[in-house]
Amino acid sequence: IFNVEGSGSWEWGVPESGPNFAYTGLSCWGTNLNGNYNNNENGWIVSSSIDLYNTTNPQLVFWHWYQIEPKCDY
């Protein structure tokens, strides 16, 4: 389960801007999936706890795409 926090425009769905596709499947997390993100955004996605107690060699792997304004976004 994921929660969106802060003041961002994060959403789950089919991207209609940026690269116009998810890395796998049809949906992905993104900021405003059909256009530009808002100015002064400060948001993030939080996952519920994941129990790795009986897991050997756990790994976190993800793909990301971003387009940011030079000297404005960090």
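With only alpha-carbon atoms in the gyration tensor, what are the semi-axes of the equivalent ellipsoid for segment 13-74, in Å, largest first?
They are 27, 16, 11 Å, listed largest first.
Could you give the dipole magnitude of the chain about its Cα centre, charging the beta-carbon of Lys and Arg +1 and that of Asp and Glu -1, in debye to the nearest 20?
140
Rounded to the nearest whole Å³, what is the per residue volume of the convex hull around the Cα atoms of segment 1-44?
Values: hull volume 2.9 nm³, N = 44.
For segment 1-44, the hull spanned by Cα atoms encloses 66 Å³ per residue.
Which residue fluctuates most in the GNM of the chain (Cα springs below 10 Å): VAL46, VAL14, VAL61?
Comparing VAL46, VAL14, VAL61 in the GNM, the peak value goes to VAL61.
Percent relative contact order of segment 9-57, based on C-alpha pairs within less than 8 angstrom and at least six residues apart?
With pairs under 8 Å counted, the relative contact order is 37 percent.
Accessible area per residue, 1.4 Å probe, Å², for the chain: what's the number?
Roughly 91 Å² per residue, with all protein chains present.
Net charge around GLY8, counting only other residues with Cβ within less than 13 Å of its Cβ (Lys, Arg = +1; Asp, Glu = -1)?
Working: positive: none; negative: GLU5, GLU11, GLU41, ASP73.
With Lys, Arg at +1 and Asp, Glu at -1, the neighbours total -4.
Once phi is turned into ³J(HN,Hα) by the Karplus curve 6.51 cos²θ - 1.76 cosθ + 1.60 with θ = phi - 60°, what whole-Hz value does each residue of segment 7-12 show in order, with x for glycine and proline?
Per residue, the Karplus-derived 3J(HN,Hα) values read 10, x, 10, 4, 8, 9 Hz.
When the solvent-accessible surface of protein heavy atoms is calculated with a 1.4 angstrom probe, in what order do THR55, THR31, THR24 fall, highest first?
THR24, THR55, THR31
Roughly speaking, to the nearest percent, how much of the chain's 1.4 Å accessible area is carbon and sulfur?
That share works out to 53 percent.
The values are calculated or read from the model by the stated rules, or taken from the named source; none is laboratory data. Predicted model only: the values in this text are computed from it and were never measured. Because the Cβ atoms are built from the backbone with ideal geometry, glycine has one as well, and the counts that use them run over all protein chains shown. Ligands, DNA and RNA are excluded from the accessible area calculation, which covers all protein heavy atoms including side chains. Shrake-Rupley method; radii C 1.70, N 1.55, O 1.52, S 1.80 Å.
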